[in-house]
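Read the figures in this text as sums done on the coordinates, not as results from a lab. Everything quoted here is computed from the prediction, not taken from an experiment. Note that each Cβ is placed from the backbone with ideal geometry, even for glycine, and that neighbours are counted across all protein chains shown.
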Amino acid sequence: MRSRARDGGEMLPGMPDGVEKKPPKATDDEAWKARTLEEAIERSFELLDQVIVRFSTGDATSTRKKWINNPDYFLKRGAPRKLQLSTPVNYGPRALEALFGLYSGGRDSVNTMHLLRMYLKKRPLFQHFFRGIVHVNTGTAIAETTQHVREAVPAWGMRLHELTPRVTYLDLVLGNVRATVGPNVGRSVWLGFPGPGKLPHNVMYRRLKDEPLQRLRASLVGRDGVRRKVMYVGGMRWDESDKRFRTAEEVDVDGGIIWVSPVVHWTNAHMQEYRRRYRCEKAHKHQPHRMCGDEALPVNPVTENLHMSGDCACGSYAKSHEKEERRFFYRENAELIDLWEKTVRDAGIAANVWGQAPPKGFNPTPAGVPETSVLERLCANCKPDVIQGSLEDDWLAAGLITPEQHANLRTFEEAS
C-alpha cells in the first residue's frame with residue numbers, strides 16, 4: 001500500500017518525489033528514483049530519445065525457433081524426444097513508421113500531450129516521425145469531452161485522428177456482436193450491461209478502444225510489424241493506482257506497436273506541480289479550455305467536475321450512483337444511458353441496469369469466455385482495486401455544489 005501523501009498535497013514546488021518502492025516492471029533503480037519536476041521532465045525526454053533512436057536505426061533481428069526430432073532419443077536413456085532449434089534471423093533495417101500521442105481528455109493525458117508537444121519543439125530531428133494526436137471516440141463519451149479534444153488539439157497546431165470502433169457499445173450489450181472463430185461461431189460475444197470485473201471490462205476495452213488502435217497500426221505497417229513499428233505515447237504512471245504500479249512499463253513492445261509511457265515515473269505530486277506551472281490562472285477572461293498562450297495547459301471541464309476524462313461510459317467499475325452524478329453535470333450523457341437501459345429492457349435481457357453486475361445465474365458470454373486478454377493501457381480511471389463511492393461529499397467540500405444540492409443527492413442515494 002502506498003502512502004496517502006501520494007496525492008501531492010504535502011509537496012512543495014522544487015521538492016523531489018518518487019514512488020515508495022520499486023515497481024515490478026521498472027527497468028532499473030534509476031527508473032523509479034525520486035526526482036524534482038525538472039529532473040522528471042528530463043528523464044521523460046531521455047526516454048523518448050532512447051526509444052526513437054532504438055527503433056529507427058540498425059537492423060531488426062529476432063530468433064526463429066522450431067522443434068526437430070532428437071536423433072539420440074532411442075540411443076540415450078532419458079533423452080528428450082524433440083529438441084528446440086534456434087536460428088538468428090535478420091529482417092532488415094528498422095523503420096519507425098509513425099509516432100502518435102494518445103489523448104483521452106483526462107488530466108494525466110493532457111499533461112502528457114503537453115509534454116510531448118514541448119519535446120517535439122526541442123527535437124526538430126525527430127519531428128518527421130510525429131503524425132498527430134489520436135483520440136478513440138467510443139461513442140459513449142460525455143459530449144463536452146469529445147468537443148474539448150476536437151478543439152484543443154487543433155489549437156495546439158496538431159493533427160487530430162479521431163478513431164471509432166467497428167461495433168457500437170449498444171450492439172455489444174444487445175448481443176449483436178457475434179463470434180467469428182472458435183466452436184461457438186455465430187453466438188454473442190457479450191450480452192447485457194457489463195458489471196464490475198476484469199472480464200467484462202476487458203471485452204469492452206478490446207472492442208471499443210484497442211481495436212481502433214490496432215486497425216490504425218495495421219494500416220501503416222501491415223504484416224511487417226517485426227521491422228516497422230508504430231509508436232503510441234500514453235500517460236500510464238506507477239503512481240496512478242495499485243493496478244498501474246504492478247503493470248505499467250516505460251516501454252512495452254507488442255508486435256508492430258511500441259507503447260511508451262514517458263511519464264511512468266511521475267508521481268501525483270509531479271502532475272500537480274506541472275499543472276500549477278502551465279495552467280493559466282490569470283485574472284482575465286480565459287480563452288476556450290484556458291488555452292490563453294502557446295504554452296498554456298488545456299483544461300477539460302469534465303475532469304474538473306467528475307474527476308475523470310468522461311471519454312467512456314461502458315459502466316465497468318462504475319462508481320455508486322455514477323449515472324446520477326453524470327446527470328447532475330451532464331444531463332445529456334445520463335439520458336443516453338437511460339435510453340440504453342430502456343432498449344436493453346425492451347429486448348428482454350435480464351442484465352439491464354447500467355453499472356451494475358448482472359443477476360445471479362445470468363450468462364453474459366454465450367460464445368464462451370474469450371481466450372485472449374489485452375493490457376488496458378488507456379483506462380486509467382478503471383480501478384477494480386480501489387473502493388469507488390459517491391462524490392457528493394467531496395463536491396460539497398470543494399464548493400462545487402450547495403448544501404441544498406448535496407442534500408438532494410443524498411436523498412436520492414438513500415431512496416435508491
Going residue by residue through the stretch 265-281, the Karplus relation 6.51 cos²θ - 1.76 cosθ + 1.60 with θ = phi - 60° gives ³J(HN,Hα) values, rounded to whole Hz and with x marking Gly or Pro, of 8, 6, 8, 4, 5, 4, 4, 5, 5, 5, 5, 4, 6, 10, 7, 6, 10
Most to least packed among 197-204, 278-285, 133-140 [average Cβ atoms within 10 Å]
133-140, 197-204, 278-285
Search the structure for amide H atoms under 5 Å from the amide H of residue 163, placed 1.01 Å from N in the peptide plane, and list their residues when 5 or more places away or on another chain.
135, 136, 137
Among 378, 172, 336, whose mean-square fluctuation peaks in a Gaussian network model of the chain (Cα, cutoff 10 Å)?
336
Those lysines that a straight Cα-Cα span of less than 29 Å connects to residue 360, excepting residues fewer than 8 apart in one chain
198, 209, 243, 319, 323, 342, 383
Limiting things to C-alpha atoms, what are the Rg and the maximum Cα-Cα separation (Dmax) for the stretch 216-282, in angstroms?
15.7, 51
Give me the percent of Cα-Cα pairs in the stretch 132-240 that sit more than 16 Å apart, rounded to a whole number.
70 percent
Need one number: convex hull volume per residue for the chain, Cα atoms only, in Å³.
194 Å³
With a sphere of radius 12 Å drawn around the Cβ of residue 338, what net charge do the other residues whose Cβ falls strictly inside it have (Lys, Arg +1; Asp, Glu -1)?
+2
Over 29 Å (Cα to Cα) - which of 25/82; 33/282; 121/282 fall in this group:
25/82; 33/282
Could you name the aspartates and glutamates in cross-link range of residue 122, using Cα to Cα under 20 Å and dropping any fewer than eight places away on the same chain?
38, 39, 42, 46, 49, 294, 295
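For every helix of n ≥ 4 consecutive DSSP H residues, a contribution of -39,500 (n - 2.57) applies; sum these over the chain, divide by its total residues, and give [θ] at 222 nm rounded to the nearest 500 deg cm²/dmol.
-10000 deg cm²/dmol
If each residue's Cβ is checked for other Cβ atoms within 10 Å, how do 341, 250 rank with the fewest at the top?
Starting with the residue having the fewest Cβ neighbours, the order is 341, 250.
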Once both labels are modelled 7 Å past Cα along the beta-carbon direction, what's the residue 285-residue 223 spacing in nm?
6.0 nm
Would you calculate the volume per residue, in Å³, of the smallest convex hull containing every Cα atom of the stretch 10-139?
231 Å³
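Among 109, 188, rank each residue by its count of other Cβ atoms within 10 Å, from fewest to most, as a rough exposure measure.
Exposure proxy ranking, most exposed first: 188, 109.
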If each of residue 372 and residue 324 carries a label point 7 Å out from its Cα toward its Cβ, how far apart are those two points in nm?
4.1 nm
